[in-house]
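Peer 1: Before I ask anything, let me first share the structure, which is written out below as structure tokens.
Since every read-out is calculated from the coordinates, none of them should be taken as a lab result. Quantities reported herein were computed from a predicted structural model and do not represent experimental measurements. Positions of Cβ are backbone-derived with ideal geometry, glycine not excepted, and every protein chain shown enters the neighbour counts.
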Amino acid sequence: MGDIWVLGAGQLGAMLQHAAMPLALNVNTIDIYATEVPKLNDDDIITVELEHWPDTIVTQTLSAHPNFLNRETLKIFADRSIQKKLLDSLELPQAKWHMVDADISVEKLHQDLGTKVLLKRRSGGYDGKGQLWLDQTENSDLPSDWQGQSIAEEKINFDEEVSIIGARNSAGECVFYPVTTNLHYQGILLASIAPTAFSKALQPQAEAMLTKLMDHLNYVGVMAMECFQIGEKLFINEIAPRVHNSGHWTQAGANISQFEMHLRAVANLPLVIPATKNNSVMINLLGMDFNPAWLAVNGVEVYWYGKGVRPMRKLGHINLSLPETRKTRQSLEQLKPLLDDYYDESIEWCKQHL
Ligand code: ATP
Ligand code: MG
């Protein structure tokens with residue numbers, strides 16, 4: 001078998017490389033802005049760690065390779081409006097939404113979508129960036145640089161945010177991890193827990209929705225579906241056609257991580273239903289320096305990405321997967337003073353959801 005190339009050289013690519021080692025798969029990551037393109041062989045496979053990219057020599061060359069996986073799917077997920085149209089056409093539930101064409105008025109958006117309307121850029125948004133709330137009480141005009149380049153969504157008053165990570169191979173076999181419960185802070189994922197008692201009831205619904213989507217796309221690899229949960233019903237927030245931050249807990253909490261599962265799917269190796277250990281917690285490390293004291297906390301597994309420190313930037317994560325929830329709670333308490341103050345609420349949230 002040839003090499004596996006990952007378009008993008010961030011932490012997701014690095015964790016795919018890490019997961020490749022036990023299987024002796026050769027995984028290489030490529031920075032989309034690199035000025036030289038390595039020589040690829042005909043039997044190499046190309047996968048991605050991101051869903052939208054500018055035209056560069058690297059992205060052009062890699063996406064033109066015959067074994068560039070999920071080519072058509074990635075075009076859909078590069079543009080939020082095309083993604084939303086696809087979900088509608090498959091009758092998969094999602095928030096009410098509107099195209100933000102140049103001639104649409106703020107009044108019309110409020111009329112159709114309610115008092116609180118969220119504009120999201122059609123491409124390039126991540127970690128809550130590329131979003132703008134319109135508030136009817138402020139009587140704001142539509143900013144010109146959002147016209148034609150964004151979609152508008154109703155505000156969802158969700159009970160919880162959840163996600164499911166699934167994988168599909170070229171034979172159409174699908175496997176899933178337990179539904180994950182997620183906490184966001186200022187649009188950024190802060191903590192995940194899986195499995196939880198309440199999320200078990202959502203599993204069949206989540207699996208059916210993601211299976212429908214992956215089958216329709218004839219998708220190969222790991223796909224993540226982020227949802228809002230209201231009562232017993234799930235509404236899709238967005239889809240990530242790649243490994244996803246809300247699946248990082250699988251590195252500690254499952255016998256096969258989402259990264260290995262993705263590699264198995266793209267390299268046509270056997271997919272198996274992952275066995276989950278314990279109730280796992282993942283905490284993102286945002287905008288802070290590395291602290292060796294984290295490593296002394298019982299059960300803590302740290303992944304540090306080695307990136308430059310910037311406010312609210314995802315710089316690493318902590319996984320905890322202990323057999324006794326009592327011990328997980330103790331470790332969370334020990335972590336509290338080792339993290340910024342705004343983590344206090346999320347530690348409480350984790351303890352409540354365990
Ligand atoms: P990601 O980093 O996951 O790619 P993103 O920046 O692309 O995130 P979304 O996942 O669409 O953006 O939104 C980020 C968060 O903002 C959501 O997880 C949720 O907490 C909140 N949010 C998004 N859409 C809505 C909505 N329609 N109603 C209420 N909250 C929302
Ligand atoms: Mg999201």
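Peer 1: Averaging the inverse of every distinct alpha carbon separation and then flipping it gives the Kirkwood radius. What is it for the stretch 143-218, in angstrom units?
Peer 2: Values: mean 1/r = 0.0674 Å⁻¹.
So the Kirkwood estimate lands at 14.8 Å.
Peer 1: Please give the FRET efficiency for Q149 paired with A24, using the beta carbon to beta carbon distance and R0 = 51 Å, rounded to the nearest 0.05.
Peer 2: Working: r = 44 Å, r/R0 = 0.87.
Result of the calculation: an efficiency of 0.70.
Peer 1: Run the numbers for E36 and K85: contour at 0.36 nm per residue of separation, minus the present Cα-Cα distance, in nm. Could the numbers behind the result be given before it?
Peer 2: On the way: separation 49, 0.36 × 49 = 17.64 nm, distance 3.67 nm.
Here the answer is 14.0 nm.
Peer 1: In whole Å, what are the extents of the stretch 120-166 along the principal axes defined by its C-alpha atoms, from largest to smallest?
Peer 2: The Cα atoms of the stretch 120-166 stretch 39, 25, 15 Å along the principal axes, largest first.
Peer 1: How big is the dipole moment of the stretch 160-353 about its Cα centre under a simple scheme where the beta carbon of each Lys and Arg is +1, that of each Asp and Glu is -1, and everything else is neutral? Debye, nearest 20, please. Display every interim value, and only then the final one.
Peer 2: Numbers: 16 positive and 18 negative charges, 70 e Å.
So the dipole magnitude of the stretch 160-353 works out to roughly 340 debye.
Peer 1: Still on this structure, please answer the following. Rounded to whole Å, give me the distance from the Cα center of the stretch 149-189 to that of the stretch 40-103.
Peer 2: 17
Peer 1: In terms of Cα to Cα distance under 25 Å, which lysines are near enough to K75, apart from those fewer than 8 places away along the same chain?
Peer 2: K39, K84, K85, K96, K120, K129, K212
Peer 1: Can you give the Kirkwood hydrodynamic radius of the stretch 4-68 from its Cα pairs, in Å with one decimal? Walk me through the numbers before you get to the answer.
Peer 2: On the way: mean 1/r = 0.0837 Å⁻¹.
Across the stretch 4-68, the inverse of the average 1/r is 12.0 Å.
Peer 1: In the chain, which longest range has no GluC sites (Glu not before Pro) that are both DSSP loop (not H, G, I, E or B) and surrounded by at most 11 other Cβ atoms within 10 Å? Display every interim value, and only then the final one.
Peer 2: On the way: sites that count: E36, E91, E232, E324.
Longest gap between qualifying sites, sites excluded: 92-231.
Peer 1: A follow-up question, please. In whole Hz, with x marking every Gly and Pro, tabulate ³J(HN,Hα) for the stretch 47-54 from phi via Karplus 6.51 cos²θ - 1.76 cosθ + 1.60, θ = phi - 60°.
Peer 2: 10, 10, 10, 8, 10, 9, 8, x
Peer 1: Please find the FRET efficiency linking D215 to K129, where r is the Cβ-Cβ separation and R0 is fixed at 41 Å, and quote it to the nearest 0.05. It would help to have the intermediate numbers written out before the result.
Peer 2: On the way: r = 32 Å, r/R0 = 0.77.
Once rounded, the FRET efficiency stands at 0.85.
Peer 1: Rounded to the nearest 0.05, what FRET efficiency do K108 and D55 give with R0 = 25 Å and r taken as the Cβ-Cβ distance? Could you check? Don't skip to the answer; put the middle values down first.
Peer 2: Working: r = 34 Å, r/R0 = 1.36.
Computed FRET efficiency for K108 and D55 comes out at 0.15.
Peer 1: Just subtract the alpha-carbon distance of K336 and K75 from 0.36 nm times their residue separation and send over the number in nm, one decimal.
Peer 2: On the way: separation 261, 0.36 × 261 = 93.96 nm, distance 4.15 nm.
Using 0.36 nm per residue and subtracting the Cα-Cα distance, I get 89.8 nm.
Peer 1: Something else about it: Rounded to two decimal places and with Rh computed the Kirkwood way over Cα pairs, what is Rg over Rh for the stretch 160-353? Show your work: numbers first, answer last.
Peer 2: Numbers: Rg = 16.4 Å, Rh = 17.0 Å.
On the Cα set of the stretch 160-353, Rg over Rh gives 0.96.
Peer 1: When 1/r is averaged over all different Cα pairs and the result inverted, which Kirkwood radius in Å belongs to the chain? Please report the intermediate quantities before stating the final value.
Peer 2: Numbers: mean 1/r = 0.0472 Å⁻¹.
Taking the inverse mean of 1/r over all distinct Cα pairs, the chain comes out at 21.2 Å.
Peer 1: Using the basic label-point model (7 angstrom from Cα toward the beta carbon), what is the K200 to E345 distance in nanometres?
Peer 2: About 3.0 nm separates the two model spin labels.
Peer 1: Would you mind computing, in nm to one decimal, how far apart the modelled labels at E173 and V272 are, each placed 7 Å from Cα along Cα→Cβ?
Peer 2: With each label point 7 Å from Cα toward Cβ, the separation is 1.1 nm.
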